[in-house]
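Here the structure comes first, spelled out in structure tokens, and everything after it is commentary.
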Amino acid sequence: MWEVVDSGNLLFARNQMALSLGWHIVFACFGIAFPAIVVFTEWLGHRRGDPVLSGLARTWAKAMGVLFAAGAVSGTLLSFEMGILWPGLMDRFGEVFGFPFVLEGFAFFVEAIFVGVYLFGWNRLSPRAHMLSALPMVVAGVAGAFFVVSANAWMNNPVGFSLDADGNVVDARPWAAMFSPSTWPQFTHMWLAAFMVTGFLVASVYAVGMLRGRRDRHHRLGLLIPLAVAAIATPVQIGVGDWIANTVADNQPAKLAAMEGQYETTAGAGLSIGGIYVDDELRYALEIPYGLSLLVHHDPDGVVPGLEEFPADQRPPVNVVHLAYNAMVLIGTALLGLAGWFGLVWWRRRRLPRTDWFLRAVAVSGVGAVVAMEAGWITTEVGRQPWIVYGLMRTEDAVSPAAGLAWGLVAVVAVYAVLTVFTVIVLRRLARGRETLAPQEQEGVR
Amino acid sequence: MTLAEVVLGAAFLGLVAYALFGGADFGGGIWDLTAGGTERGRAVRERVERSIGPVWEANHVWLIFVMVVLWTGFSGAFAAAVTTLYVPLTLAAFGIIGRGAAFAYRKSVGTLGMRRFFGAAFALSSLLTPFFFGAVVGGVASGRVPPGIAAGDVVASWANPTSMLGGVLAVLVCAYLAAVFLCGDARRDGQDDLAAAFRTRALGAGLVTGAVGLAGIAVLRADAPLLFEGLTGRGLPVVLASVAAGLTALVLLWTRRYTAARIASALAVAAILTGWAVGQYPYLLPASVTVEEAATGRATLQALLVALSVGSVVLVPCLVYLYVLFQRATDART
Ligand code: HDD
Ligand code: HEM
Ligand code: HEM
């Protein structure tokens, strides 16, 4: 059985996990959303016989190949880390929530195969066959995201098993475990986030180019298509944000209290923005009266439980969660503004807003979307603390006590620092349009 | 066969596939490493790059597949093994990262210096990753992973004679497989001199692998008596089959029948792995945890079985399509 004392590994393991996941997720977003955007552009270019569109699709496909490679290698490390860092979780609950990872394995297998086919087959397959070969990629990317997120949703909201008197799992039902109440809201939110991150980031590359004076059709279309995608996803995302917040309120009240920095259980609770939480009190925050009760219960007098309801050793670290949550919502609102501006001008005039301020806003929107997405994950993960499986298993009981584990963090930091530098160098070369090859392509065939 | 054995068998098939496809990938990197200076080694490097470009990512998902099936179906034993062996596993994972990234990025960088740096990183990690995986297998097979989380010695579990043997054998097998596979690829593309060069390499690597394997029997006898007993007892037919397939492969290589040599080599490698599995049966972690003891609940195993069956119906045609497209397209260009 797992008898794990706090071996001093906890802090290191948490940071190692957070760094690896935080890195992987950026590339995962591209794996989910980019194939759809690329093949759409390819299709449009083919239908209109427009070489600019086809050229964009070609460039993006190369970037997709590089990003996919980065996602694949970082994902491989993650699947090692789940076991190496959190053996207590695997040992006790692996049979319940490991299953979606198996399905995820199949999804990524299909995705990896068709990334190879798609890039390799660019000039070798007929246009129709080539575009069709992107479809499995699109489907597999979405399915893969669903399966991993459902594993995470299970950690937030464990279902699909029973425990005996000693707390051992009996009667694991892996299919049921995939569909916890958090699964659909979390998946939908993540899926949309992937389109926002990919859309705004790609658009921002072209916005920077346009600000530097390259305002040709290539740059305009390169900005327009991904931005349109992101702009459609943004308002929906805000709506889903409300759904997911309600799910959290129903199932993880301690997380919600931490997100809001709420100590006392209050009826008609206000929505606090910013501030610092010291001595069980949120100071210097901006408060919108009744805001929280309205958001959570859609009723100004609804009762929102505060952190006082939970024993001190079952409260998540408030400041991190509260600030991360605020950051996500704030950035989300700002992006909604940008999407609205773009949408309005497009609807009225069929063109992009003409001011440079618009381009500047698009130029920072990519980083903004990434920050919002990372902040969302920090809210989810840190807000679940001290539990690794909400209400059932504490993170400190899951961590590996192996000697020397802390060095893993040092090594992972070093490896990822190098990897990040090179990834950026390679992507910049691609963005500048130099003749380069994606990893799945072959020398000598263009 | 029990349900647990079927599921474990599926994971084992995944492992064999990883050893064959992923192994040949790693081997390609090893030949890249030994190809010599930039000019002299160019032909070999380009050949390697061209052969693994479109397939390397798919080839590596086999590993993920094996891991996730084990952690779902055999959670406790999995947790015990990965925590005790976390050092070589982490190093192998770093190798996979370095290798994948370097291979992917070196095509996109311009300067010769950068290309060399990535090339070196690619080649070196191709050597280290199979070595550490081999060491992991050696640690498990020699019974150095006790049940319980991080219960084993985190150093001695992989720094020991059987693990070293496993590591060296893994590297050799990868190099051998790659050379055999590359012979065929080179000839198909009309590069007969390259095919000849890889043939020499394949013959050399095959002979060395065989010799190390034979010498290894002595190591196992001293260091892993239980495995030795299994291999020379119940596992003997499989071991002999492996030897026979290996010898056949060498003859086929000698007579330049590369396609048949591929099949024989693959069989030889699959048989070695099967020998290991048969040798340590019925234990998952010798000599403390049997397959049955390690298996998780019935519903989970059933779900796994369903997923594996349905999944392979989807997967196998996709994989075949990838390899066929790739081989055919390369043909068409020459
Ligand atoms: C571009 C990204 C992005 C944007 C603009 C938003 N979110 Fe978000 N949010 C995420 C990206 C994200 C995420 C990274 O995808 C998370 C982490 C876990 C998850 O399922 O989604 C997340 C988690 C997350 C959670 C925690 C869920 C949990 O713990 O189970 C809540 C309550 C919200 N979000 C609410 C919102 C609201 C009310 C938003 C309105 C402005 C919002 N999000 C905008
Ligand atoms: C579906 C995918 C994910 C799974 C299965 C998962 C799982 C885990 C696990 C097992 C831990 C360690 C235990 C714990 O601290 O509770 C953890 C911690 C953490 N993860 Fe996630 N995670 C996922 C996605 C992400 C992503 C995308 C991020 C991006 C930033 C992230 C950020 C973190 C952070 C910051 C921690 C540390 C929390 C803390 O200990 O304070 N997670 N996650
Ligand atoms: C919310 C969290 C996550 C999402 C949305 C996600 C999504 C994806 C996607 C779409 C890919 C395809 C490759 C790419 O395009 O980059 C990928 C790759 C991968 N992910 Fe994640 N992932 C998440 C977290 C995790 C976690 C927690 C693990 C491991 C335990 C993991 C393991 C992997 C592996 C092994 C690969 C490589 C598969 C391959 O080679 O194709 N991912 N991920």
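Pull out a ≥ b ≥ c, the square roots of the eigenvalues of the alpha-carbon gyration tensor of the protein assembly as shown, then state rounded if a/c is under 1.5, prolate if not and a/b is larger than b/c, and oblate in the remaining case.
Taking the square roots of the gyration eigenvalues as a ≥ b ≥ c, the protein assembly as shown is oblate.
Summing Lys, Arg as +1 and Asp, Glu as -1, what charge do residues with Cβ under 15 Å from the Cβ of B:A156 carry, B:A156 excluded?
Values: positive: B:R144; negative: B:D153, B:D223.
The answer is -1.
Any chance you could check the Cα centroid distance between the range A:179-257 and the range A:30-59 for me, in angstrom?
20 Å
Can you give the charge dipole size of the range B:3-332 about its Cα centre, rounded to the nearest 20 debye, using +1 on the beta carbon of Lys and Arg and -1 on the beta carbon of Asp and Glu? Don't skip to the end; give the middle numbers.
Details: 22 positive and 17 negative charges, 167 e Å.
Charge dipole, the range B:3-332, about its Cα centre: 800 debye, nearest 20.
If one takes the longest principal axis of the Cα atoms in chain B, at what angle in degrees, from 0 to 90 and to the nearest 10, does the Cα axis of helix B:3-17 lie?
Helix B:3-17 and the main axis of chain B meet at about 20 degrees.
For a quick protection proxy, order the peptides B:259-269, B:207-217, A:251-261 by their average other-Cβ count within 10 Å, most packed first.
Values: B:259-269: 20.7, B:207-217: 15.3, A:251-261: 24.7.
Taking the mean over residues of other Cβ atoms within 10 Å, the ranking is A:251-261, B:259-269, B:207-217.
Compute the relative contact order of the range B:3-332 as a whole-number percentage, counting only Cα pairs closer than 8 Å that sit 6 or more residues apart in sequence. Don't jump to the answer; show the numbers that get you there.
Values: 469 pairs, mean separation 72.2, N = 330.
The value is 22 percent.
Mind checking the mean number of beta-carbon atoms from other chains within 10 Å of the Cβ atoms in B:141-152? Can you show the working numbers first?
On the way: counts 0, 0, 0, 0, 0, 0, 1, 5, 13, 11, 3, 1.
Mean shielding count: 3.
Quick one: net charge of B:G76's neighbours, Cβ under 11 Å, K/R +1, D/E -1?
Working: positive: A:R92; negative: A:D91, A:E95, B:E293.
Computed value for this residue: -2.
Is chain A rounded, prolate or oblate when judged by the Cα gyration tensor, a ≥ b ≥ c being the square roots of its eigenvalues, rounded requiring a/c under 1.5 and prolate requiring a/b larger than b/c?
Verdict is oblate for chain A.
Treating the angle as unsigned and between 0 and 90°, give the value, to the nearest 10°, between the Cα long axis of helix A:356-384 and the longest Cα principal axis of chain A.
Between helix and principal axis, roughly 30 degrees.
Using alpha carbons only, how many degrees (0 to 90, rounded to 10) separate the axis of helix A:406-431 from the longest principal axis of chain A?
Here the helix axis deviates by roughly 20 degrees.
At what distance in angstrom do the alpha carbon centres of the range B:56-76 and the range B:216-249 lie from each other?
The range B:56-76 and the range B:216-249 have Cα centres separated by 26 Å.
Averaged over its residues, how many other protein chain Cβ atoms are within 10 Å of peptide A:64-74's Cβ atoms? Working shown, then result.
Numbers: counts 0, 6, 5, 1, 2, 7, 5, 1, 11, 13, 4.
For peptide A:64-74, the averaged partner shielding equals 5.
Would you mind giving the mean number of other chain beta-carbons within 10 Å of the Cβ of each residue in A:395-407, as a whole number?
Working: counts 0, 0, 0, 2, 1, 8, 4, 11, 6, 4, 6, 0, 2.
If you average over the peptide's residues, the count of other-chain Cβ atoms is 3.
If you average the C-alpha positions of the range A:364-391 and of the range B:162-182 separately, how far apart do those two centres end up, in angstrom?
Rounded to whole Å, the Cα centres lie 43 Å apart.
If you add up the charges near A:D242, with Lys and Arg at +1 and Asp and Glu at -1, over every other residue whose beta carbon is less than 15 angstrom from its beta carbon, what do you get? Please list the in-between numbers first.
Working: positive: none; negative: A:D250, A:E260, A:D299.
Counting the neighbours of A:D242, the net charge comes to -3.
If R0 is 51 Å, what FRET efficiency do you get for A:R283 and A:V345 from their C-beta distance, rounded to 0.05? Before the final figure, lay out the partial values.
Numbers: r = 41 Å, r/R0 = 0.81.
Using R0 = 51 Å, I get an efficiency of 0.80.
If you filter the range A:1-91 for GluC sites (Glu not before Pro), then keep DSSP loop positions with at most 15 other Cβ within 10 Å, what is left? It would help to have the intermediate numbers written out before the result.
Numbers: sites: A:E3, A:E42, A:E81; in loops: A:E3.
The qualifying sites are A:E3.
So if I place +1 on the C-beta of Lys and Arg and -1 on the C-beta of Asp and Glu, and nothing else carries charge, what would the dipole magnitude of the protein assembly as shown be about its Cα centre? I want it in debye, nearest 20. Write down the numbers at each step before the final one.
Values: 53 positive and 51 negative charges, 943 e Å.
Once rounded to the nearest 20, the dipole reads 4520 debye.
In percent, what relative contact order does chain A have, based on Cα pairs under 8 Å that are 6 or more apart in sequence? Provide the component values of the computation, followed by the final result.
Numbers: 682 pairs, mean separation 94.6, N = 446.
With pairs under 8 Å counted, the relative contact order is 21 percent.
We did not get these values from a lab; they are worked out from the coordinates using the rules stated. Keep in mind that this is a model prediction, so the values were computed, not measured. Note that each Cβ is placed from the backbone with ideal geometry, even for glycine, and that neighbours are counted across all protein chains shown.
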